[in-house]
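**Student:** Structure incoming, see below.
The values are calculated or read from the model by the stated rules, or taken from the named source; none is laboratory data. Just so it is clear, the structure is predicted and the values come from calculations on it, not from any experiment. Heads up, the Cβs are rebuilt from the backbone with ideal geometry, glycines too, and the neighbour counts pull from every protein chain shown.
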């Protein structure tokens, strides 16, 4: 850690950032240093390379503009994680004007802390009236209103997701769960997908014409909305991110040894079978089965695909105990192994 800080502060862009001599180490679930939180994760946060940071002065001129911007964000985020908290004084005044409640909020920084690493950044809640410093007031004091102005405004819907905020929502799927106990449990999980797969999941939905990019935002297509409506009508669990997060949580527990693989698979299969049962009989939709008359839980008349056979050969055969049977001659004179033939017939029905 000291080597990375010293290596970064050689650079012109970072030497003015006031990292304390004794860095602030925040540990635990809400800190920057949380080893337990890495259980089952693909990798830790992206940080400057301790093995090459000493060469920053030589490497920097060879970087492209985009590479410099990316490294700048990574380096500043690392240094900010070692700096003190941002401290401020916030004042909220509740006023009664002829029986109508009014509220005024003001904020005054006390210690800039880690925000010194991002001097040009300003959070949304400090823009506009939120960053105004209120005058000194006493509780119960009578105030006089000067130059009142009535402004016409309207409420705004939640902003559209972009690729970054959608990935963040997938990671923090617990926010979409109402059950308090379950919310706390899912906060420890990794959410929907993994850091390596979330972008690919979004890309797959785009390729299937369920999502489309509009400028920087991602919006559902008419096809995507229709599919969402059909699935929600069939079973709300199909479009509930909380349910998906619970299943992902089971898989996370398998990775870190808290859950047996067979138990996790059984739990996922139970949910899948319940939902498939509803889709087959159309009980939720009140209409025809959504999977159509040709669907059968046992595979119907459709033969297994080559991929299915390869999967069975890889996972099932090594686990099947085959009894020894003496070979018999058939009518054509060739040796037969009845027990092996029966095994293959059973496997093709999986």
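**Student:** What is the number of the single condition among (1) under 22 Å from the mean Cα position of the chain (by Cα); (2) over 30 Å from residue 30 (Cα atoms); (3) crowded, with 17+ Cβ neighbours inside 10 Å that residue 265 does not meet?
**Tutor:** Condition (3) is where residue 265 drops out.
**Student:** So, one more: Any chance the stretch 204-223 includes a residue that's exposed (fewer than 12 other Cβ atoms within 10 Å of the Cβ), in contact (Cβ under 8 Å) with a residue 12 or more places away in the chain and in contact with a strand residue (DSSP E or B) (Cβ under 7 Å, 6 or more places away or on another chain)?
**Tutor:** Yes, there is a match, as at least one residue in the stretch 204-223 is exposed (fewer than 12 other Cβ atoms within 10 Å of the Cβ), in contact (Cβ under 8 Å) with a residue 12 or more places away in the chain and in contact with a strand residue (DSSP E or B) (Cβ under 7 Å, 6 or more places away or on another chain).
**Student:** Is there a residue in the stretch 26-33 that is modelled with pLDDT of 70 or more and not in a loop (DSSP other than H, G, I, E, B)?
**Tutor:** Yes: one or more hits.
**Student:** Give 181, 177 a once-over and let me know the one that is over 28 Å from residue 91 (Cβ atoms), assigned by TED's automatic domain parsing to the domain that holds residue 258 and loosely packed, with under 12 Cβ neighbours inside 10 Å. Give the steps one after another, and end with the answer.
**Tutor:** Details: 177 fails: loosely packed, with under 12 Cβ neighbours inside 10 Å.
So the residue among 181, 177 that is over 28 Å from residue 91 (Cβ atoms), assigned by TED's automatic domain parsing to the domain that holds residue 258 and loosely packed, with under 12 Cβ neighbours inside 10 Å is 181.
**Student:** Now for a separate question. Output the residues belonging to the stretch 113-146 that are within 28 Å of the chain's Cα centre (by Cα), modelled with pLDDT under 75 and surrounded by 10 or more Cβ atoms within 10 Å (Cβ to Cβ).
**Tutor:** 125, 126
**Student:** In the stretch 154-192, which residues are in a loop (DSSP other than H, G, I, E, B) and more than 17 Å from the chain's Cα centre (by Cα)?
**Tutor:** Our first condition is that a residue be in a loop (DSSP other than H, G, I, E, B); within the stretch 154-192, this holds for 154-161, 172, 177-179, 188-192.
Once the filter is applied, which keeps residues that are in a loop (DSSP other than H, G, I, E, B) and more than 17 Å from the chain's Cα centre (by Cα), the stretch 154-192 yields 154, 155, 156, 157, 158, 159, 178, 179.
**Student:** Taking residue 46, is it part of a loop (DSSP other than H, G, I, E, B), within 25 Å of residue 194 (Cα to Cα) and touching a helix residue (DSSP H, G or I) at 6+ places or on another chain (Cβ under 7 Å)?
**Tutor:** Numbers: part of a loop (DSSP other than H, G, I, E, B): yes; within 25 Å of residue 194 (Cα to Cα): yes; touching a helix residue (DSSP H, G or I) at 6+ places or on another chain (Cβ under 7 Å): yes.
The answer is yes for residue 46.
**Student:** Mind checking which residues of the stretch 225-270 are touching a residue at least 24 places away in the same chain (Cβ under 8 Å), closer than 25 Å to residue 208 by Cα and not in a loop (DSSP other than H, G, I, E, B)?
**Tutor:** 230, 233, 234, 237, 238, 241, 242, 243, 244, 245, 247, 248
**Student:** Still on this model: Which numbered condition in (1) without any contact (Cβ under 8 Å) to a residue 12 or more places away in the chain; (2) within 24 Å of residue 246 (Cβ to Cβ); (3) in a loop (DSSP other than H, G, I, E, B) is the only one that residue 196 fails?
**Tutor:** (1)
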